[in-house]
1. Could you please find all residues in the range 97-137 being closer than 30 Å to Arg212 by Cβ, of a type outside the set (Ser, Thr, Tyr), touching an Asp or Glu at 6+ places or on another chain (Cβ under 9 Å) and assigned to a loop (DSSP other than H, G, I, E, B)?
2. Quick one: which strands (runs of 3 or more DSSP E) sit completely within the range 222-299 and have at least 1 residues that are assigned by TED's automatic domain parsing to the domain that holds Phe49, hydroxyl-bearing (Ser, Thr, Tyr) and under 21 Å from Ala157 (Cα atoms)?
3. Would you mind stating whether Thr320 is touching a residue at least 12 places away in the same chain (Cβ under 8 Å) and under 24 Å from Val168 (Cα atoms)?
4. Across the range 313-327, which residue is farthest from Gln160 (Cα to Cα) among those that are in contact with a helix residue (DSSP H, G or I) (Cβ under 8 Å, 6 or more places away or on another chain) and surrounded by fewer than 24 Cβ atoms within 10 Å (Cβ to Cβ)?
5. Cβ-Cβ distance below 6 Å, separation of 6 or more or different chains: which pairs start in the range 143-170 with a residue that is touching a residue at least 40 places away in the same chain (Cβ under 8 Å) and end on one that is among the small types (Gly, Ala, Ser) and within 16 Å of the ligand (Cβ to nearest atom)?
6. Can you tell me which residues in the range 149-178 are within 14 Å of Phe49 (Cα to Cα) and under 10 Å from the mean Cα position of the chain (by Cα)?
7. With in contact with a Ser or Thr (Cβ under 8 Å, 6 or more places away or on another chain), farther than 14 Å from Leu218 by Cβ and of a type in the set (Val, Ile, Thr) as the only criterion, which of Val246, Val303 stands out?
8. Can you tell me which residue in the range 303-312 is nearest to Phe49 (Cα to Cα), limited to those that are touching a helix residue (DSSP H, G or I) at 6+ places or on another chain (Cβ under 7 Å) and not aliphatic (A, V, I, L, M)?
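The values are calculated or read from the model by the stated rules, or taken from the named source; none is laboratory data. Quantities reported herein were computed from a predicted structural model and do not represent experimental measurements. Please note: Cβ atoms are built from the backbone with ideal geometry, for glycine as well, and neighbour counts cover all protein chains shown.
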Amino acid sequence: MQNIFILVFILVLSSCSKTTKSANQTDRKIEQNYDVEVPVFSSDSAYSFVQKQVDFGPRVPNTKEHAACAEFLAEKLAQFGAEVTVQKADVRAFDGTILKAKNIIGSYNTDNETRILLFAHWDTRPWADYDANPDNHNTPILGANDGGSGVGVLLEAARQFGLKKPEVGIDIIFFDAEDYGAPDNFANQNTADSWCLGSQYWARNKHIPNYRAKYGILLDMVGASNAKFYREQISDYYAKYVVDKVWDKAAKLGFSNYFINQPGKTITDDHLYINQLAGIPSIDIIHQELHSETGFGSFWHTVNDTMDGIDKNTLNAVGTTLLHVVYNEK
Ligand SMILES: [Zn+2]
C-alpha cells in the first residue's frame, strides 16, 4: 500500500516537473536504482545487538560490565570489516570522578576523503534518577533504549557495510561517558557540560589529525514502539540540509509516522559538541515526547529502560532510512 503510494507520488512529481527531459530521465534512473542497490536492514539482527549489550548489564564507566561490552563492540566492528580504533580517554565527571572512557571507532573506505560520521553513545546512566520510585534513584539503568538501541542499529549498519561497501567513507563512533551528567539535585555551579564527555574529548582530540566529515548523524533512543523523531533544534540550526535529507528519505520510504517533519526541542547530546567543537554539521535522531514532563519517553532514566521497550519496527524504520541515506551518497 505504501509502496504504491510512493510510486504514484513519484510519477506525479515527474510529470509535473519543469526540468528538461534528460534531467528527468536521470532522476528516474536514480529512483529505480536505489531500491536495488541499498542492502536490506535486518531489524532482527539490530535487535540481537541491543540484547547482547543489555546482557552485559548496565555499562557504567569504570565497571567490569563496561569493560566487557567495550571489547564486544570493538570485536564486532572488526568482524564486520571495519578498521577499528579504540580511543582511551581519562575524563573528569561533574563530581571529580575520573572515568576511564573508551570511544570505539570503526572506519570503512579509509582512503576516501568524502566521509560520513555515524554515532551513538554506548555507556549507560549510573542512576535511574527519573524513576517514579525514589528507592531506585541510585540504581544503574539497563539502557536498552538509551544507549543500546543506537549502537544496535549502527552495528547492523556496520554488518551491511562489511558485506557491501558504500561509495563514501564511513566512520562509526560509539562515544563513551555521554550519560554521566550531573543529576538535577547536584548542588554545584556549572554542570552544563557534564554530559557527553566522550564526544567532547574526541572533538578536541580527533583520532586522525585534521579529520573531516561531510556531516554526522547521531542515533539516540531509537528503539521504542511508535517513537517520534521530531526535527531537533540544534540539528536544524547547524545542519538543516541533513535533517531535510534524512526526513525526506524517511517519508519516501513510508516512515513519516516516525520521522515527524515538525520542530522538536533543543537537546544537549553528543551532536552539540560535534557541531560546536569538531565543526562537523551533525543531526540527532532522537525520540522526543513533546508533551511529557521530561520531554522524553516515560522509560527515560528509569529502571524500565529494558528490552521490553524495544520494538523491531522502530529499529527497522531508523536503520532502513539510515542505509538509504548512506548508500545514496557519492
Ligand atoms: Zn540518557
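1. Filtering the range 97-137 for residues closer than 30 Å to Arg212 by Cβ gives 99-123.
Filter once more, so that each one left must be of a type outside the set (Ser, Thr, Tyr): 99-106, 109, 111-113, 115-123.
Then drop every residue that is not touching an Asp or Glu at 6+ places or on another chain (Cβ under 9 Å), which leaves 99-106, 109, 112, 115-123.
Matches in the range 97-137: Asn109, Asn112, Trp122, Asp123.
2. Working: elements: 229-231, 259-263, 282-286.
Qualifying strands (runs of 3 or more DSSP E): 282-286.
3. Details: touching a residue at least 12 places away in the same chain (Cβ under 8 Å): yes; under 24 Å from Val168 (Cα atoms): yes.
Spelling it out, Thr320 is indeed touching a residue at least 12 places away in the same chain (Cβ under 8 Å) and under 24 Å from Val168 (Cα atoms).
4. Among those residues, the one meeting the criterion is Asn313.
5. Asn145/Gly223; Asn145/Ala224; Asn145/Gly309; Ser149/Gly223; Gly150/Ala120; Val151/Ala120; Leu154/Ala120
6. So in the range 149-178, the residues within 14 Å of Phe49 (Cα to Cα) come out as 149-160, 174.
Within the range 149-178, Ser149, Gly150, Val151, Gly152, Val153, Leu154, Phe174 meet the criteria.
7. Working: Val246 fails: farther than 14 Å from Leu218 by Cβ.
It is Val303.
8. Within the range 303-312, the first condition is being touching a helix residue (DSSP H, G or I) at 6+ places or on another chain (Cβ under 7 Å), and the residues that meet it are 303, 305-307, 309-310, 312.
Those still in the list that are not aliphatic (A, V, I, L, M) too: 305-306, 309, 312.
Details: Asp305: 16, Thr306: 14, Gly309: 15, Lys312: 12 Å.
Looking at the filtered set, the residue picked out is Lys312.
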